[in-house]
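As structure tokens, the structure follows; a few thoughts come after it.
The values are calculated or read from the model by the stated rules, or taken from the named source; none is laboratory data. Because the structure is predicted, anything quoted here is derived from the model rather than measured. As a convention, Cβ positions derive from the backbone with ideal geometry for all residues, glycine included, and neighbour counts pool all protein chains shown.
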Amino acid sequence: MASPLRHFFIALSKSPQLQSVIVGFPVSRQAARRFVAGERLEDAIDAIRAINAAGMAATLDFLGEHVDSETEARVNADEYIRALHAIHQAGLDANISIKLTAMGLAVDDEFCYQNVRRIVEAAADLGNFVRIDMEDSPVTDRTIAIYERLRDDFANTGLVLQAYLYRTEGDVRRLMEAGRGHFRLCKGAYDEPPEVAWQEKADVDSNLVKLMTLMLDSRGAYPGVYPALASHDHMIINWTKAYAYTHNISPDRFEFQMLYGIRRDLQQQLADQGYRMRVYIPYGTRWYPYYMRRLAERPANVVFFARAMFGN
């Protein structure tokens, strides 16, 4: 069952009052640096450079979500375009990942689509790739609809799907059949009700394995399918490695993805073993909701935060 601690920190991630308190402490900003590359694009570029030097690729995320003005959404898009050019100029192996609620989804779906489209166009011009992040279930249908519209004109786009949602298997099958099967598959980081999502870890894990199997086995029928397993769970990672080996699935047909600052040892191990390993690197001043969700995911992260805030 989802722990009370998880519910607690996810609730805190939505609290503007606590956000104003936490972000005001220099020590909390320093603690967040474990999971966030920094507040400036230059910090993120330095982090990508280090990740590349270790034999891994990166995905860059400019933090910010749930904006409700066109002006702020355009500023967010402008920053992503600036990041794409910085990646290109530095010759780095990195793409970008965007949340639609940071692109104006709360303003209007058509505005959001047009705002994201100019990012995707810029990425295509630079030979790069854009991942559309998945957020909580109230915006799942709208997120998928915008992704599908983008894929009508651009092949350089992919989508995140969440294994804890009951609906995800149907989404995977339909998108693969439509030739839109470039996926990042994760467990899911939001606090979803039992009406739409599994609550038990064992059920979520079981569905994640089922979906990853479906994606790996579908490459023959749907050649464009490319799954990325976004997990720090060594048991699921080991299962994926074993399944690929026993079914003659080469390591270039999928990749592993992990978050910046989490399981660095395992990230390096996978890269050294010849697997495609991509690290999700967030940056920006609006790190609070992201950081709270990281605390919700693992008790060890909470211990780290407490030590940083209150000392050993």
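Some notes on this structure:
- Leading residue by the ranking (nearest to Gly181 (Cα to Cα)) among those in region 104-142 that are without any contact (Cβ under 8 Å) to a residue 24 or more places away in the chain and part of a helix (DSSP H, G or I): Asp141
- Region 157-197: number of residues that are touching a Leu at 6+ places or on another chain (Cβ under 9 Å) and not basic (Lys, Arg): 22
- Within region 208-220, the set of residues being over 17 Å from Arg180 (Cβ atoms) and either in contact with a Gly (Cβ under 7 Å, 6 or more places away or on another chain) or surrounded by 21 or more Cβ atoms within 10 Å (Cβ to Cβ) (or both) comprises Leu208, Met212.
- Some residue of region 259-273 being at pLDDT below 95, of a type in the set (Ser, Thr, Tyr) and closer than 26 Å to Met134 by Cα: yes
- With respect to the conditions (1) surrounded by 16 or more Cβ atoms within 10 Å (Cβ to Cβ); (2) in a helix (DSSP H, G or I), Ser97 lacks only one, and its number is (2).
- For region 41-63, a tally of residues being polar (S, T, N, Q) and crowded, with 23+ Cβ neighbours inside 10 Å returns 1.
- From the list Ala44, Ala54, Ala50, Ala32, the lone residue that is in contact with a helix residue (DSSP H, G or I) (Cβ under 8 Å, 6 or more places away or on another chain), farther than 22 Å from Thr157 by Cβ and modelled with pLDDT of 95 or more is Ala54.
- Checked across region 242-264, the condition of being on the phi > 0 side of the Ramachandran plot and surrounded by 17 or more Cβ atoms within 10 Å (Cβ to Cβ) holds for at least one residue.
- Number of residues in region 41-94 that are farther than 15 Å from Asn115 by Cβ and touching a Gly at 6+ places or on another chain (Cβ under 6 Å) equals 1.
- Considering residues of region 221-241 that are exposed (fewer than 13 other Cβ atoms within 10 Å of the Cβ) and within 21 Å of Asn156 (Cα to Cα) only, the residue nearest to the chain's Cα centre (by Cα): Pro223
- Single unsatisfied condition, Glu192 versus (1) at pLDDT 95 or above; (2) crowded, with 19+ Cβ neighbours inside 10 Å: (1)
- Number of the condition not met by Phe111 [criteria: (1) surrounded by fewer than 17 Cβ atoms within 10 Å (Cβ to Cβ); (2) over 18 Å from Gly64 (Cα atoms)]: (2)
- Number of the exception - His88 against (1) more than 14 Å from Arg286 (Cβ to Cβ); (2) at pLDDT 95 or above; (3) in contact with a helix residue (DSSP H, G or I) (Cβ under 9 Å, 6 or more places away or on another chain): (3)
- All positions within region 64-81 that are over 18 Å from Asn156 (Cβ atoms) and either surrounded by 22 or more Cβ atoms within 10 Å (Cβ to Cβ) or among the charged types (D, E, K, R) (or both): Gly64, Glu65, Asp68, Glu70, Glu72, Ala73, Arg74, Asn76, Asp78, Glu79
- Residue in region 225-255 that is farthest from Val172 (Cα to Cα), counting only those that are of a type in the set (Gly, Ala, Ser) and either part of a strand (DSSP E or B) or out of contact with any helix residue (DSSP H, G or I) (no Cβ under 8 Å at 6 or more places or on another chain) (or both): Ala242
- Residues of region 172-191 satisfying the condition of being charged (D, E, K, R) and farther than 19 Å from Asp205 by Cβ: Arg173, Arg174, Glu177, Arg180
- As for region 7-14, it holds at least one residue that is at pLDDT below 60, of a type in the set (D, E, K, R) and more than 28 Å from Gln267 (Cβ to Cβ).
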